[in-house]
Number of protein chains: 2
Amino acid sequence: MSTIVSVDTRDIRFPTSLELDGSDAMNPDPDYSAAYVTIRTDAPDGLAGDAFVFTIGRGNDVQVAAIDTLRGHLLGRDVEELLRDMGETSRLLMHDSQLRWLGPEKGVMHMAIGAVVNALWDLRAKRAGLPLWQHLASLSPEELVSLVDFRYLTDAITPDEALAILRAAEPGRAERTARLLEVGYPAYTTTPGWLGYSDEKLERLCREAVADGFPQIKLKVGADLDDDVRRLGIARRAVGPDFPIAIDANQRWDVSDAIAWVNALAEFHPAWIEEPTSPDDILGHAAIARGIRPVRVATGEHVQNRIVFKQLLQAGGMAVMQIDATRVGGVNENIANLLLAAKFGVPVCPHAGGVGLCEAVQHLSMFDYVAVSGSMDGRMIEYVDHLHEHFAVPTEVVRGRYLAPTAPGASTEMLQESVDAYTWRGAHAEVTA
Amino acid sequence: MSTIVSVDTRDIRFPTSLELDGSDAMNPDPDYSAAYVTIRTDAPDGLAGDAFVFTIGRGNDVQVAAIDTLRGHLLGRDVEELLRDMGETSRLLMHDSQLRWLGPEKGVMHMAIGAVVNALWDLRAKRAGLPLWQHLASLSPEELVSLVDFRYLTDAITPDEALAILRAAEPGRAERTARLLEVGYPAYTTTPGWLGYSDEKLERLCREAVADGFPQIKLKVGADLDDDVRRLGIARRAVGPDFPIAIDANQRWDVSDAIAWVNALAEFHPAWIEEPTSPDDILGHAAIARGIRPVRVATGEHVQNRIVFKQLLQAGGMAVMQIDATRVGGVNENIANLLLAAKFGVPVCPHAGGVGLCEAVQHLSMFDYVAVSGSMDGRMIEYVDHLHEHFAVPTEVVRGRYLAPTAPGASTEMLQESVDAYTWRGAHAEVTA
């Protein structure tokens with residue numbers, strides 16, 4: 001038996017606002033940040049579990065405080081017992097009734113629990129000597145189902161239905177694992193499309209994205225319609241008439257605005273419109289989806305939990321599910337989300353970028369391919385070429401595809417020198433003018 | 001001009017778990033707590049604004065940290081400028097893009113903003129020399145509309161529609177104010193119905209509630225159906241065949257369970273079923289509402305924001321709106337909720353109890369009566385007789401009615417000796433066994 005001896009947190013912030021990398025219609029000046037947690041044990045293997053919540057600056061200290069408050073559930077606990085039944089471990093944290101009041105199952109406290117769950121999965125995969133995607137894909141359908149909290153889901157998917165989905169994918173696991181290791185997983189790039197970039201930079205980056213082999217690019221929209229028409233025109237001319245261009249409004253619109261604005265951009269044939277309105281507005285997403293056909297609605301990076309994903313699927317408000325590795329309650333809740341997507345036949349194209357989101361979420365898509373949906377068709381992971389150098393096992397994207405990681409763990413461990421260099425010491429102004 | 005010179009916070013926790021006051025199917029051992037904030041200025045009047053977020057124990061420190069992170073928006077600011085345009089002040093806090101990432105508009109960060117907004121309203125009402133309900137009811141329809149953030153609402157209610165609702169209620173304001181001061185506002189009591197109480201205590205408290213003049217009682221249900229049948233039988237016999245008994249499941253069920261369980265209790269004619277499932281499950285609430293007619297669905301104490309309330313109304317999932325004073329973004333967002341309820345013709349029966357929730361929320365119902373819905377019909381405020389002695393202006397309930405407070409402010413100021421006596425110093429075990 002070994003015991004958890006420390007749960008260390010760090011408030012890490014990168015000064016990305018200085019370059020306007022990551023600027024969009026709702027987030028003009030993000031400082032990409034991580035509320036980072038490291039769980040250490042007294043085991044002789046010396047392995048630790050690392051994970052984080054991605055934030056965009058102010059409030060990262062609150063996110064750290066929320067992770068800190070979970071220490072009481074972890075310190076001194078038998079780590080083998082926690083890792084052995086990760087379904088029960090997740091429920092232990094999620095169902096702490098006093099902490100649950102702070103959500104329930106949403107926002108700062110929910111993301112904190114997700115970070116702890118993810119750190120434990122990182123440790124478990126390291127102990128198993130496998131990358132997380134492969135470790136998850138080695139589990140039996142029964143164990144995978146035991147990881148999921150079906151509370152509030154059974155009107156859309158039951159444990160038996162989930163089991164049937166996983167069993168149907170089981171025979172092809174070995175073949176798909178081999179294929180994934182050989183060809184990787186499709187990526188699309190958002191690098192060209194930030195609102196803060198000049199037209200010249202936009203055009204150059206669009207051409208580079210095509211040359212680099214990406215199958216799709218994405219542009220931010222929603223601040224000004226004339227600008228969007230001009231920028232989409234530049235991008236469309238740069239990439240040619242048939243190349244997929246997704247657009248992303250980052251929650252900027254009300255329902256009727258969304259319908260009018262997207263229809264005004266229809267001539268550019270967007271591959272999808274992402275976050276057209278509030279991530280909480282399930283009925284609004286459904287109304288928008290009906291109003292902009294055949295353009296598809298994509299959403300998910302701010303969807304708070306499996307219960308909202310369930311309803312977006314039930315209402316027909318989401319044709320592309322964009323899970324995020326650190327928004328929900330960790331790997332366990334994202335397995336629920338993957339199963340929901342499979343049940344409703346909707347492709348999962350994860351949100352990534354930020355700090356470490358590419359590293360973290362690739363494991364979920366790869367697990368989905370091997371053991372859940374069994375398909376890469378119409379699926380791809382967002383890719384932004386920022387801040388990968390701070391990770392122990394950085395994402396590798398080659399010719400528009402994520403190479404499957406082979407190092408043990410969840411790829412969520414940062415380099416110690418980066419952790420130390422970017423630990424927040426109040427260096428940026430706390431309030432923008 | 002005067003300036004904000006301090007934003008002080010306190011982590012206040014009452015050891016209510018020792019008595020099982022407040023125990024329900026999801027919250028077996030709450031320690032009623034307040035993340036308390038006091039905003040002071042250098043004005044010669046010496047007035048401060050006080051408010052809080054109600055929590056149930058662990059994590060109250062995280063809620064305090066979230067309020068602390070808003071200091072940068074307040075310290076050194078011209079307080080008259082902030083108070084003059086509370087719509088703009090609310091938006092300043094809500095639309096901080098970096099903090100918004102932590103919700104958006106939900107959970108710990110959203111409630112922290114709500115506490116600051118409420119503290120500023122407390123200060124503004126104190127400066128105006130009026131109780132908050134009367135101060136709000138003295139504002140023009142135009143100013144009230146300017147307080148509301150209509151983002152994500154316009155498919156359900158536009159500013160013009162809100163203005164029409166407020167203008168229609170304007171002629172009767174003086175008459176209703178006089179009536180409110182004369183007769184008070186209806187209260188119902190949850191005191192008899194906590195799960196942790198014995199059958200004898202339940203029966204005695206039911207009889208006392210009727211004798212005390214309350215027009216309705218409420219019982220917690222959802223832990224065990226046989227227990228619920230027995231307890232509802234005791235209550236029904238104690239209060240007689242026609243007296244309204246509401247029931248509250250505190251989110252315990254999935255959709256099909258809720259329908260089956262409520263139908264199994266139909267013989268007791270519940271006045272409403274409260275929180276039958278996750279507060280996030282709009283479509284689930286609608287399905288339950290269809291499945292349990294004529295029993296009505298009530299919800300709201302955990303509804304994160306106006307966007308979810310909007311959809312519950314659009315979907316027909318909520319026949320009684322139970323706003324909470326500290327769950328959403330403060331007075332401003334609750335005015336949006338009251339306007340939505342008026343638009344859809346749904347009565348507002350606020351959630352209260354906890355610490356100070358009766359004190360805080362009564363002002364919103366009374367404002368609603370005077371200036372929005374113009375009616376007390378079918379409306380009442382929850383009442384629990386706990387912890388009022390810690391407030392400077394405690395709620396007064398007489399013969400089943402809240403007396404309209406007349407002291408200036410929002411009634412959210414705690415007594416300094418209570419603040420000092422119950423400031424958390426780690427006295428309870430941080431994790432239950």
Treating only the Cβ atoms of Lys and Arg (+1) and Asp and Glu (-1) as charged, compute the dipole magnitude of chain A about its Cα centre; round to the nearest 20 debye. 740
Tell me, which residues of segment B:22-69 get at least 50 Å² less accessible area when the other protein chains come in, versus the chain alone (1.4 Å probe)? B:M26, B:I56, B:R58, B:V62, B:T69
For chain A: relative contact order, % (alpha-carbon pairs under 8 angstrom, 6 or more apart): 20
With label points set 7 Å from each Cα along the Cα-to-Cβ direction at B:T154 and A:R167, the distance between them in nm comes to 5.2
How much of the DSSP beta bridge set in the protein assembly as shown is antiparallel, as a percent to the nearest 5? 55
With every protein chain in place, segment A:1-159: carbon and sulfur % of accessible area (1.4 Å): 52
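Using the Cα centre of the protein assembly as shown as the reference point, and only Cβ charges (+1 on K/R, -1 on D/E), how large is the resulting charge dipole? Debye, rounded to the nearest 20.
Numbers: 78 positive and 122 negative charges, 280 e Å.
It comes to approximately 1340 debye.
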Do any of B:K106/B:K310; B:K218/B:K343; A:K106/A:K310 go past 18 Å between their Cα atoms, and which? B:K218/B:K343
Calc'd 3J(HN,Hα), segment B:242-259, phi into Karplus 6.51 cos²θ - 1.76 cosθ + 1.60 (θ = phi - 60°), Hz, glycine/Pro = x, comes to 10, 6, x, 10, 8, 10, 9, 9, 6, 6, 6, 10, 7, 4, 5, 4, 4, 5
By DSSP, what percent of the beta bridges with both residues in chain B are antiparallel, rounded to the nearest 5? 55
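Report, to two decimal places, the Cα Rg of segment B:171-418 normalised by 2.2 N^0.38 Å (N = number of residues).
For segment B:171-418, the normalised Cα radius of gyration is 0.98.
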Nearest beta-carbon of A to the rotation axis carrying it onto B: which residue, how many whole Å? A:G107, 1
Run the Debye formula on the Cα coordinates of the protein assembly as shown, all scatterers equal and no solvent, and tell me log10 I(q)/I(0) at q = 0.08, 0.11 1/Å. -0.69, -1.33
Whole-Hz ³J(HN,Hα) from phi, Karplus 6.51 cos²θ - 1.76 cosθ + 1.60, for segment A:175-192, glycine and proline x: 5, 5, 4, 4, 5, 5, 5, 7, 10, x, 10, x, 10, 10, 10, 9, 3, x
Accessible surface of segment B:257-415, 1.4 Å probe, proportion on carbon and sulfur as whole %: 51
Ratio Rg/Rh [Cα only; Rh per Kirkwood] for segment B:60-159: 0.98
Determine the dipole magnitude for segment B:20-174: charges of +1 sit on the beta-carbon of Lys and Arg, -1 on that of Asp and Glu, nothing else is charged, the reference point is the Cα centre, and the result goes in debye to the nearest 20. 140
Taking a probe of 1.4 Å, how large is the accessible area per residue of the protein assembly as shown, in Å²? 31
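Find how much the distance from B:E208 to B:E396 grows on full extension, using 0.36 nm per residue of separation minus their present alpha carbon separation; answer in nm with one decimal. Working shown, then result.
Numbers: separation 188, 0.36 × 188 = 67.68 nm, distance 1.73 nm.
65.9 nm is the gain from fully extending B:E208 to B:E396.
Enter the mean projected area of the convex hull around the alpha-carbon atoms of segment A:222-291, in nm², rounded to one decimal.
Mean projected area for segment A:222-291: 4.3 nm², to one decimal.
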Most fluctuating of B:G316, B:G354, B:G46 in the GNM of chain B (C-alpha, under 10 Å) is B:G46
Report the full-extension gain for the segment A:E80 to A:T423: residue separation times 0.36 nm, less the Cα-Cα distance, to one decimal in nm. 120.4 nm
Other-copy label distances relative to B:G172, 7 angstrom Cα-Cβ extension, nm: 6.5
Relative pair counts by distance (%), Cα atoms of segment A:327-398, 5 Å bins: 3, 16, 27, 24, 17, 10, 3, 0
At the nearest 100 Å², what buried accessible area, both sides summed, do you get for A and B when the probe is 1.4 Å? 5400
5 Å is the cut-off here: which amide hydrogens, built 1.01 Å from N in the peptide plane, fall below it relative to A:E382, excluding neighbours closer than 5 in sequence? A:Y188, A:A352
For segment A:4-129, the percent of all C-alpha pairs falling in each 5 Å bin, from 0 up to the bin holding the max distance, is 2, 11, 20, 21, 17, 13, 8, 5, 3, 0
Segment A:4-129 - percent relative contact order, Cα under 8 Å, separation 6 or more: 28
May I ask for the angle, rounded to the nearest 10°, between helix B:282-291 and the longest principal axis of chain B, with both axes built from Cα atoms and the value confined to 0 to 90°? 30
Rank B:A410, B:A43, B:A298 by mean-square fluctuation in a GNM of chain B with C-alpha springs under 10 angstrom and give only the top-ranked residue. B:A43
Any idea what the relative contact order of segment A:240-326 is, in percent, if you count C-alpha pairs under 8 Å spaced at least 6 apart? 27
In segment B:171-418, what percentage of the DSSP-assigned beta bridges are antiparallel, given to the nearest 5? 25
Listed residue (B:A112, A:A65, B:T158) projecting farthest to the positive dipole end of the protein assembly as shown, Cβ model: B:T158
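Pop the C-beta distance of B:V183 and A:L18 into the FRET formula with R0 = 51 Å and round what comes out to the nearest 0.05.
Values: r = 61 Å, r/R0 = 1.20.
With R0 = 51 Å, the Cβ-Cβ based efficiency is 0.25.
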Kirkwood Rh, angstrom, segment B:124-240 [1 / mean 1/r, Cα pairs]: 18.2
Given labels modelled 7 Å from the Cα in the Cβ direction, how far is it in nm from A:D8 to A:E267? 5.8
Tell me what the protein assembly as shown gives for mean residue ellipticity at 222 nm when only DSSP H runs of n ≥ 4 count, each as -39,500 (n - 2.57), the sum divided by the residue total, rounded to 500 deg cm²/dmol. -12000 deg cm²/dmol
Using Cα springs under 10 Å in a Gaussian network model of chain B, which residue among B:P171, B:P270, B:P44 shows the largest mean-square fluctuation? B:P44
With Rg and the Kirkwood Rh both taken from Cα atoms, where does Rg over Rh land for chain A? 0.95
Sorted from largest to smallest, which semi-axis lengths in Å does the alpha carbon gyration tensor of segment A:385-429 give for its equivalent ellipsoid, taking the root of 5 times each eigenvalue? 26, 14, 6
Shielded residues, segment B:79-125 - accessible-area loss of 40 Å² or more between chain alone and all protein chains, probe 1.4 Å: B:S97, B:Q98, B:R100, B:W101, B:L102, B:P104, B:K106, B:V108
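The values are calculated or read from the model by the stated rules, or taken from the named source; none is laboratory data. Since we're looking at a predicted model, the values are computed, not measured. Every residue, glycine among them, receives a Cβ derived from its backbone with ideal geometry; neighbour counts consider all protein chains shown. With ligands, DNA and RNA removed, areas are computed over all heavy atoms of the protein, side chains included. Shrake-Rupley method; radii C 1.70, N 1.55, O 1.52, S 1.80 Å.
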